[in-house]
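S.K.: First, the structure itself, so that you have it in front of you.
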Amino acid sequence: MSTFRPNAAVIVTDGNGRVLLCEREDLPGAIQTVQGGIDEGETPEMAARRELHEEIGLSPPHYEFVASLPNPMRYEWPQELLDRWRAQPGDRFSAYDGQEQYFFLARVSPDATFNLDAHAREFSRCSWGTPQQMLDGAWEYKRSVLKSALEQFGLIKEK
């Protein structure tokens, strides 16, 4: 039986077709959404709002949720990650086979500023780009879930 870590993911848009490309601090070139685990007692929306604040320094007056997907989507982590995490006793990811993501779409003004040091820094930089650039820069094992979310939010067309 597989176990999936509950996770909230937020695709940030400027409302004009661009999305925020967040490059991971620990993996140069790897793009991902604002995201993080859902803590005990949190709803997916609460976790999404917390992650927006922690990862890019946004608080509710500076964004609005314009959509969310009705059902979470799952992806499995690759075996090499699972092996590495499970070799480290007590690793926070070692009990899971992947993630179950609840997706939200947040709109900010095109001139919004981001504070990548609001909490523990996860991103080296953030920049505006296209949904296709987000998809192309995402880790391979996450792409199908991200593609589905981008399609369901109407940010890319189904192929």
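S.K.: Please identify the pairs in which a residue from the range 18-36 that is touching a residue at least 24 places away in the same chain (Cβ under 8 Å) has its Cβ atom under 8 Å from the Cβ atom of a residue that is of a type in the set (Val, Ile, Thr) and open to solvent by 50 Å² or more (accessible area, probe 1.4 Å), counting only partners at least 6 apart or on another chain.
M.R.: Taking only residues 6 or more apart or on different chains, the pairs are Arg18/Thr130; Val19/Thr130.
S.K.: Could you count how many residues in the range 69-91 are open to solvent by 40 Å² or more (accessible area, probe 1.4 Å), in contact (Cβ under 8 Å) with a residue 40 or more places away in the chain and in a loop (DSSP other than H, G, I, E, B)? First the steps, then the outcome.
M.R.: Pass one, the range 69-91, residues open to solvent by 40 Å² or more (accessible area, probe 1.4 Å): 70-72, 74, 76, 79-80, 83-84, 86-90.
Filter once more, keeping what is in contact (Cβ under 8 Å) with a residue 40 or more places away in the chain: 72, 74, 76.
In the following step, the residues that additionally are in a loop (DSSP other than H, G, I, E, B) were identified as 72.
Selection size over the range 69-91: 1.
S.K.: Something else: Which one is nearest to Phe104 (Cα to Cα) among residues in the range 126-159 that are out of contact with any helix residue (DSSP H, G or I) (no Cβ under 7 Å at 6 or more places or on another chain) and among the small types (Gly, Ala, Ser)?
M.R.: Applying the filter and picking the extreme gives Ala149.
S.K.: I need the full set of residues from the range 43-97 which are at positive phi and either at pLDDT below 95 or more than 17 Å from the chain's Cα centre (by Cα) (or both), in order please.
M.R.: Gly90
S.K.: Would you mind stating whether Ala48 is closer than 18 Å to Phe114 by Cα, part of a strand (DSSP E or B) and aliphatic (A, V, I, L, M)?
M.R.: Working: closer than 18 Å to Phe114 by Cα: yes; part of a strand (DSSP E or B): no; aliphatic (A, V, I, L, M): yes.
For Ala48, the condition - closer than 18 Å to Phe114 by Cα, part of a strand (DSSP E or B) and aliphatic (A, V, I, L, M) - is not met.
S.K.: Which of the residues belonging to the range 109-145 are modelled with pLDDT of 95 or more, open to solvent by less than 30 Å² (accessible area, probe 1.4 Å) and not small (Gly, Ala, Ser)?
M.R.: Leu116, Phe123, Pro131, Met134, Leu135, Val145, listed by residue number.
S.K.: Look at Glu100 and say whether it is of a type in the set (Asp, Glu), in contact with a Lys or Arg (Cβ under 7 Å, 6 or more places away or on another chain) and surrounded by fewer than 15 Cβ atoms within 10 Å (Cβ to Cβ).
M.R.: So Glu100 does not fit the description; no.
S.K.: A further question on this structure: Looking only at the range 37-60, count every residue that is crowded, with 19+ Cβ neighbours inside 10 Å and touching an Asp or Glu at 6+ places or on another chain (Cβ under 8 Å) and tell me the total.
M.R.: Qualifying residue count, the range 37-60: 2.
S.K.: Regarding Val66, is this residue hydrophobic (A, V, I, L, M, F, W, C), open to solvent by 50 Å² or more (accessible area, probe 1.4 Å), more than 16 Å from Lys147 (Cα to Cα) and touching a residue at least 40 places away in the same chain (Cβ under 8 Å)?
M.R.: On the way: hydrophobic (A, V, I, L, M, F, W, C): yes; open to solvent by 50 Å² or more (accessible area, probe 1.4 Å): yes; more than 16 Å from Lys147 (Cα to Cα): yes; touching a residue at least 40 places away in the same chain (Cβ under 8 Å): yes.
Yes; evaluated as a whole, the condition is true for this residue.
S.K.: Is it fair to say Ser148 is over 20 Å from Leu27 (Cα atoms), surrounded by fewer than 19 Cβ atoms within 10 Å (Cβ to Cβ) and within 14 Å of the chain's Cα centre (by Cα)? Break it down into steps so the answer makes sense when it comes.
M.R.: On the way: over 20 Å from Leu27 (Cα atoms): yes; surrounded by fewer than 19 Cβ atoms within 10 Å (Cβ to Cβ): yes; within 14 Å of the chain's Cα centre (by Cα): yes.
Judged against the criteria, Ser148 is a match.
S.K.: Looking at Lys147, Lys157, can you tell me which residue is over 24 Å from Ser59 (Cα atoms) and part of a loop (DSSP other than H, G, I, E, B)? Steps first, answer last, please.
M.R.: On the way: Lys147 fails: part of a loop (DSSP other than H, G, I, E, B).
Of the residues listed, the single one that is over 24 Å from Ser59 (Cα atoms) and part of a loop (DSSP other than H, G, I, E, B) is Lys157.
The values are calculated or read from the model by the stated rules, or taken from the named source; none is laboratory data. Computed from a predicted structure; not experimentally measured. Using ideal geometry, Cβ is built from the backbone for each residue, glycine included, and neighbour counts are taken over all protein chains shown. Remember, those area values only see protein heavy atoms, side chains included, never the ligands or the DNA or RNA. Shrake-Rupley method; radii C 1.70, N 1.55, O 1.52, S 1.80 Å.
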